[in-house]
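Peer 1: Structure below; questions to follow.
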Amino acid sequence: MARSCTRLGNTGNPALGDRMRVVHGGLDEAELYHLGLDREQVLDFSSSINPLGTADSVRNAALSADLAAYPDRQSWRLRVALATSEGIRPNEVVVGNGSAELIHLIAQNYLNATSRCLILAPTFGEYEAAAAQTGAEVVHLRARQEDGFRWPIPSTVTRIEQARPDLVFLCNPNNPTGVYLDRITVTRLAEAAGSSGLLVLDDAFVPFVTTPWDTRSLIDSGKVILVRSLTKSHALAGVRLGYAIARENIIEKIESLQYTWSVNAIAQAAGLAALKEDKHVERAREVVGEAMAYLRDELLRIGLFPEPPDANFLIVDVGDGARVREALLHHAIAVRDCTSFGLPGYIRIAARPLVECKYLIAALEKIMAEGVITGVNL
């Protein structure tokens, strides 16, 4: 079974099971040091965040945060602002130290050693890591390349109903494949998951979808938790900021296990400012559309075949993802090797400004000429 995380051994706590270290995108300072590179020299296509970076107003708000005072324990002002933005009540949202914290808190509340967790894969590794820490059985329903990495919905619904999982994790648009499922499809999956447990729907990349649909009505069933990320939409990876939306009783359970002050004052200040920057996200969406169209066309031109992108990233078969990632890093370009997703032949490329995309294509052409990319019908 392909995994997107690595086992580190037993925690010593039977209730938590084995710890798992998840592989993520982003730059590795130690790796860059050994290559003689500075972070500022590298074009980072490995992190799927807002290609325009952090808005100036958000950066200034973060710099103005009161570092001498303890942060609000419940991030109340930010919760109220999020609730207003989402059209819900403040008690139907909880703020977390990135969406990863919330994913783990959800698992800790709803899974244990007798539970079953079903994951629509290949996907984000934190879902499996969170479930594994509880000792729950983890079942993967893997989409196939020959199906365009789309799950066959009738059989997927049947398998969910037969497995009767306590939690189902779905990322939409999916990381790393970029597949975006429509309202009817997700509603069917939510109903299947709700027959025995809950659907956790990770909406992190929706802000970059050209024509998204509104998922908020799904929480009315009391069987769906929406997980969202300001980290992605507003380029706040350095401060970690996410939130979850659900019925009040579910939010209370998530909060009950959350560490005090898990969301620091800088993150709260940045989040409040970010919610006023809709135009920044709109401009980013335009850049994403331009970048994805360019990358798709240029990859095809040089003989590579990317999967159709619905999000702010795409995956492409390059024969050996790890080898290509290493070769590109020597050109000061970082991409995401998809081996940890169970896709060792693929790399994931995030949307960046067009001028950077041109450097990437030129570097790919160079390493192709050197024979680094093989076995993909060149």
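Peer 1: Kindly provide the set of residues from the stretch 132-152 that are in contact with a Gly (Cβ under 9 Å, 6 or more places away or on another chain) and farther than 21 Å from ILE315 by Cβ, ordered by number.
Peer 2: Passing the criteria: ALA132, GLN133, THR134, GLY135, ALA136.
So that you can scan it fast, the table gives a plain yes or no per residue for (1) surrounded by 20 or more Cβ atoms within 10 Å (Cβ to Cβ); (2) out of contact with any strand residue (DSSP E or B) (no Cβ under 8 Å at 6 or more places or on another chain):
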residue: VAL239; (1), (2): yes, yes
residue: TYR243; (1), (2): yes, no
residue: ARG247; (1), (2): no, yes
residue: ALA269; (1), (2): yes, yes
residue: ALA293; (1), (2): no, yes
residue: ALA311; (1), (2): yes, yes
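Peer 1: I've got another one for you. Would you confirm whether or not the stretch 251-260 contains a residue that is without any contact (Cβ under 8 Å) to a residue 60 or more places away in the chain, surrounded by fewer than 20 Cβ atoms within 10 Å (Cβ to Cβ) and within 30 Å of ASP56 (Cβ to Cβ)?
Peer 2: no
Peer 1: Here's a follow-up. Taking into account only those residues within the stretch 313-324 that are in contact (Cβ under 8 Å) with a residue 40 or more places away in the chain and of a type outside the set (Phe, Trp, Tyr), which is surrounded by the most Cβ atoms within 10 Å (Cβ to Cβ)?
Peer 2: By that ranking, first place goes to VAL318.
Peer 1: Does ARG159 satisfy the criteria of being assigned by TED's automatic domain parsing to the domain that holds ARG73, under 18 Å from VAL186 (Cα atoms) and in a helix (DSSP H, G or I)?
Peer 2: Spelling it out, ARG159 is indeed assigned by TED's automatic domain parsing to the domain that holds ARG73, under 18 Å from VAL186 (Cα atoms) and in a helix (DSSP H, G or I).
Peer 1: What helices (runs of 4 or more DSSP H), lying completely within the stretch 23-112, carry at least 3 residues that are more than 26 Å from PRO165 (Cβ to Cβ)?
Peer 2: Helices (runs of 4 or more DSSP H) meeting the threshold: 29-35, 56-63, 76-86.
Every residue, every condition in (1) at pLDDT below 95; (2) under 25 Å from LEU37 (Cβ atoms); (3) among the aliphatic types (A, V, I, L, M), yes or no:
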| residue | (1), (2), (3) |
| --- | --- |
| ASP297 | no, no, no |
| ASN312 | no, yes, no |
| GLY319 | no, yes, no |
| LEU328 | no, yes, yes |
| LEU343 | no, no, yes |
| TYR346 | no, yes, no |
| ILE349 | no, yes, yes |
| VAL355 | no, yes, yes |
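Peer 1: Evaluate the stretch 301-309: report whether one residue or more is more than 30 Å from SER57 (Cα to Cα) and charged (D, E, K, R).
Peer 2: Checking the stretch 301-309: at least one residue is more than 30 Å from SER57 (Cα to Cα) and charged (D, E, K, R).
Peer 1: Of the residues SER99, SER85, SER115, which is touching a Ser or Thr at 6+ places or on another chain (Cβ under 8 Å), in the same structural domain as ASP202 (by TED's automatic domain parsing) and within 22 Å of ALA274 (Cβ to Cβ)?
Peer 2: SER99
Peer 1: Among the residues of the stretch 27-45, which ones are within 24 Å of the chain's Cα centre (by Cα) and either surrounded by 13 or more Cβ atoms within 10 Å (Cβ to Cβ) or among the aliphatic types (A, V, I, L, M) (or both)?
Peer 2: LEU27, ASP28, ALA30, LEU32, VAL42, LEU43, ASP44, PHE45
Peer 1: Within the stretch 97-114, identify whether any single residue is surrounded by fewer than 18 Cβ atoms within 10 Å (Cβ to Cβ) and small (Gly, Ala, Ser), and answer yes or no.
Peer 2: yes
Peer 1: Would the stretch 323-339 turn up any residue that is more than 29 Å from LEU241 (Cα to Cα) and part of a strand (DSSP E or B)?
Peer 2: So far as the stretch 323-339 goes, no, none of its residues is more than 29 Å from LEU241 (Cα to Cα) and part of a strand (DSSP E or B).
Peer 1: So which residues in the stretch 222-244 are of a type in the set (A, V, I, L, M, F, W, C) and closer than 22 Å to ILE88 by Cα?
Peer 2: VAL224, ILE225, LEU226, VAL227, LEU230, LEU241, ALA244 - these are the residues of the stretch 222-244 that are of a type in the set (A, V, I, L, M, F, W, C) and closer than 22 Å to ILE88 by Cα.
Peer 1: Taking into account only those residues within the stretch 287-319 that are among the acidic types (Asp, Glu) and not in a loop (DSSP other than H, G, I, E, B), which is farthest from GLU365 (Cα to Cα)?
Peer 2: Once the filter is applied, the top-ranked residue is GLU290.
Peer 1: Being outside the structural domain of PRO309 (by TED's automatic domain parsing) and either within 20 Å of ARG336 (Cβ to Cβ) or at pLDDT 95 or above (or both) is true for just one of HIS24, HIS34, HIS104. Which residue is that?
Peer 2: From the options HIS24, HIS34, HIS104, the qualifying one is HIS104.
Peer 1: Now, a different point. Taking into account only those residues within the stretch 119-140 that are farther than 21 Å from SER48 by Cα and out of contact with any Asp or Glu (no Cβ under 9 Å at 6 or more places or on another chain), which is surrounded by the most Cβ atoms within 10 Å (Cβ to Cβ)?
Peer 2: Step by step, filter the stretch 119-140, then rank; the result is ALA130.
Peer 1: Separate question: In the stretch 204-212, is there at least one residue being closer than 18 Å to ILE254 by Cβ and either touching a strand residue (DSSP E or B) at 6+ places or on another chain (Cβ under 6 Å) or buried (at least 23 other Cβ atoms within 10 Å of the Cβ) (or both)?
Peer 2: yes
Peer 1: Continuing with this model, one more query. Give the stretch 228-250 a look and list any residue that's more than 21 Å from the chain's Cα centre (by Cα) and of a type in the set (A, V, I, L, M, F, W, C), or say none.
Peer 2: Passing the criteria: only ILE250.
Peer 1: Right, ALA284: modelled with pLDDT of 95 or more, closer than 18 Å to ALA55 by Cβ and in a helix (DSSP H, G or I) or not?
Peer 2: Taking the combined requirement at face value, the residue satisfies it.
The values are calculated or read from the model by the stated rules, or taken from the named source; none is laboratory data. Only a predicted model underlies this, so the values are computations on that prediction, with no experimental measurement involved. Because the Cβ atoms are built from the backbone with ideal geometry, glycine has one as well, and the counts that use them run over all protein chains shown.
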